Amino acid sequence: ISIYKFDDNFMTLYRTELVRYLTEDLGFKAENVVVQDGKGDQAEQTNQINNFITQKYDVLILNLVQASSAPEITDMCKEAGIPVVYINREPDEAEEQRWVDEKINATYVGCDARQSGTYQGEEILETETKGDINGDGKVSYIMIQGDPENVDAQYRTEFSVKALTDAGVEVEELLKQRGDWDQAKAQQIAQDALNQYGDKIDVVFCNNDAMALGALQAIEAAGRTVNKDIYLVGVDALVEVVENVMNDKMTGTVFNDYFGQAHTAADKALDFVNGKDVDNVYMVDYVKVTTENAGDILEMIK
Ligand code: GAL
């Protein structure tokens, strides 16, 4: 297993569950499950994967630093006769189709990020003011993006706003900036935006919860109050964020089901090893988190 970087809240939950499931539920010995940190550096991660290949591991589960490296990595694994399960960072469609056309033992397990974006937009539409909390007739927002090379960041950005415009709501983008999934970066971006745009901002969209927590710090420091004079949504359903949604401190989030993704990834890895047929793509559903179901979600993740 190689994770794009260990220093990522969501991927840490995912990685922990993946190892737990492989060892406790599927019966792998701990010493047979090796997990490495890609440290956010594709060259370094490619080296690690080369080492995995030299050591003749039976199957690889890879969370690439750059999804665009999938064709190269897939060919390396194919040469060595080692199947690969990609997770979390989706290779492009042409690459996924190539696995089918060339009968390559590779698959992707993830979620359709369009769904999470749409749910974020719907959460804003479901607020009392349909997102226009300052009442000036349009929904003005700032968008704090993940790593824009990542399709999760691209789709969440596009589809959150699309949910609003599809519902006939007028929108205005005040700012769109990359926060690389990182809490501290997002806090800075939100702080600067609040200074610059003040009450004009109705909504802070964050591509993930770590960044939403950063934005929340900036919002509170600026003397603003979520759901009273500004809305804030994220994605992932980190425990702290789900608690904040329950306590009316954040508007909403979307559960990025790392249980479902980790289990499917491990099951498909085992299927490859056992010579079973494996499709090229498996998608796990996101779940919208609102005040109504936040308690149930919390029970599952705590
Ligand atoms: C996303 C997740 C982010 C970050 C990213 C890494 O699905 O929402 O928090 O972990 O994956 O690729």
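Pairing residues of region 195-221 that are more than 21 Å from Glu123 (Cβ to Cβ) with residues that are within 16 Å of the ligand (Cβ to nearest atom) and open to solvent by 10 Å² or more (accessible area, probe 1.4 Å), at Cβ distances under 9 Å and at least 6 apart in sequence or on separate chains, gives Ala221/Gln187. Restricting attention to region 5-33 and to residues that are more than 23 Å from Phe255 (Cβ to Cβ) and of a type outside the set (D, E, K, R), the residue that is farthest from the ligand (Cβ to nearest atom) turns out to be Gly27.
Among the residues of region 234-246, is there at least one that is in a strand (DSSP E or B) and surrounded by 14 or more Cβ atoms within 10 Å (Cβ to Cβ)? So far as region 234-246 goes, yes, one or more of its residues are in a strand (DSSP E or B) and surrounded by 14 or more Cβ atoms within 10 Å (Cβ to Cβ).
Would you mention how many residues in region 47-69 are β-branched (Val, Ile, Thr) and open to solvent by 20 Å² or more (accessible area, probe 1.4 Å)?
The total comes to 3.
Of all residue pairs spaced 6 or more apart or on separate chains, those with beta-carbon atoms under 8 Å, a first member in region 3-30 that is in contact (Cβ under 8 Å) with a residue 60 or more places away in the chain and a second member that is of a type in the set (Gly, Ala, Ser) and surrounded by fewer than 19 Cβ atoms within 10 Å (Cβ to Cβ) are Tyr4/Gly40; Lys5/Gly40. Residues that are touching a residue at least 60 places away in the same chain (Cβ under 8 Å) and not aromatic (Phe, Trp, Tyr) within region 268-286 comprise Lys268, Ala269, Leu270, Val273, Val278, Asp279, Asn280, Val281, Met283, Val284, Asp285, listed in sequence order. The set of residues from region 114-143 being in contact with a Lys or Arg (Cβ under 6 Å, 6 or more places away or on another chain) and of a type in the set (Phe, Trp, Tyr) comprises just one member, Tyr119. Any residue that is closer than 20 Å to Gly110 by Cα, touching a residue at least 24 places away in the same chain (Cβ under 8 Å) and open to solvent by 60 Å² or more (accessible area, probe 1.4 Å) - is there at least one of those in region 74-84? No, region 74-84 has no match at all. The single residue among Tyr21, Tyr14 that is outside any strand (DSSP E or B), within 22 Å of His263 (Cβ to Cβ) and either β-branched (Val, Ile, Thr) or open to solvent by less than 10 Å² (accessible area, probe 1.4 Å) (or both) turns out to be Tyr14. Looking at this structure, is Arg98 of a type outside the set (A, V, I, L, M, F, W, C), part of a loop (DSSP other than H, G, I, E, B) and out of contact with any Ser or Thr (no Cβ under 6 Å at 6 or more places or on another chain)? No.
If we scan region 153-166, do we find a residue that is charged (D, E, K, R) and either buried (at least 24 other Cβ atoms within 10 Å of the Cβ) or modelled with pLDDT under 95 (or both)? Yes; the residues of region 153-166 include at least one that is charged (D, E, K, R) and either buried (at least 24 other Cβ atoms within 10 Å of the Cβ) or modelled with pLDDT under 95 (or both).
Given the structure, is Lys103 away from the ligand (no atom under 16 Å from the Cβ), touching a residue at least 12 places away in the same chain (Cβ under 8 Å) and open to solvent by 20 Å² or more (accessible area, probe 1.4 Å)? Here the answer is no, as Lys103 does not meet what is asked. Considering region 106-121, and only residues there that are assigned to a helix (DSSP H, G or I) and within 13 Å of the ligand (Cβ to nearest atom), the residue that is surrounded by the most Cβ atoms within 10 Å (Cβ to Cβ) turns out to be Gln120.
State which residue is nearest to the ligand (Cβ to nearest atom) when the search covers only region 235-251 and only residues that are among the acidic types (Asp, Glu) and without any contact (Cβ under 8 Å) to a residue 60 or more places away in the chain. Filtering first and then ranking leaves Glu240. The set of residues in region 46-69 being closer than 20 Å to Asp92 by Cα and either outside any helix (DSSP H, G or I) or without any contact (Cβ under 8 Å) to a residue 40 or more places away in the chain (or both) consists of Thr46, Leu60, Ile61, Leu62, Asn63, Leu64, Val65, Gln66, Ser69.
Checking each residue of region 262-275 against the condition of being in a loop (DSSP other than H, G, I, E, B) and either under 12 Å from Pro83 (Cα atoms) or under 16 Å from the mean Cα position of the chain (by Cα) (or both) gives at least one match.
The values are calculated or read from the model by the stated rules, or taken from the named source; none is laboratory data. Here the structure is a predicted model, which is why all the values come from computation and not from measurement. Backbone-built Cβ (ideal geometry, glycine too); neighbour counts: all protein chains shown. Just so you know, the surface numbers come from the protein's heavy atoms only, side chains and all, with ligands and any DNA or RNA stripped out. Shrake-Rupley method; radii C 1.70, N 1.55, O 1.52, S 1.80 Å.
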